[in-house]
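Chemist: Have a look at the structure that comes next, please.
What follows draws every value from the coordinates through simple rules; no lab data is involved. This structure is a prediction, so every number in the text was calculated from the model and none was measured.
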Amino acid sequence: MVKNMKEKKNNHKIKYKNPEDKAKIIKRLAIIEGQIRGISEMINQDKYCSDILIQIRSAEKALISLSNIILENHMRTCITDEIKKGNLSAVDEIMGIIKRNQ
């Protein structure tokens, strides 16, 4: 079954309309990594649960925001390219992604 799932994967790599977009994503990821390390430190230091939960929510929102940026980029590049080639299964792909994220 794992083999079938791998066969369905596209060989597309992430594309960016301009190189600065990738740098912004990497910067956001570094910030999120820092947030996660901070949460770990808070737990190790036995900080107040409410404060930890606030930081977790902040990290969740940052990940959702990053996910939306990458999804939009994917739609504007890979999906658009596939539709232009006549590959309408790209619509199914994007709808699957959207449904999994709800």
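Chemist: Is it possible to state the helix-based mean residue ellipticity at 222 nm for the chain, with each DSSP H run of 4+ residues giving -39500 (n - 2.57), the sum divided by total residues, to the nearest 500 deg cm²/dmol? What is it?
Modeler: Details: 5 runs with 76 residues, N = 102.
Taken over the chain, the calculation gives -24500 deg cm²/dmol.
Chemist: Let me ask something else about it. Using the Karplus curve 6.51 cos²θ - 1.76 cosθ + 1.60 with θ = phi - 60°, what ³J(HN,Hα) values do you get for each residue of region 86-102, in whole Hz, with x for Gly and Pro?
Modeler: Along region 86-102, the couplings run x, 7, 6, 5, 4, 5, 4, 4, 5, 5, x, 5, 4, 5, 5, 8, 8 Hz.
Chemist: Separate question: So if I take the centroid of the Cα atoms in region 64-102 and the same for region 12-32, what is the distance between those two points in Å?
Modeler: Going from one Cα centre to the other spans 16 Å.
Chemist: How large is the convex hull of the Cα atoms of region 18-100 per residue, expressed in Å³ as a whole number?
Modeler: Taking the convex hull of the Cα positions in region 18-100, it is 85 Å³ per residue.
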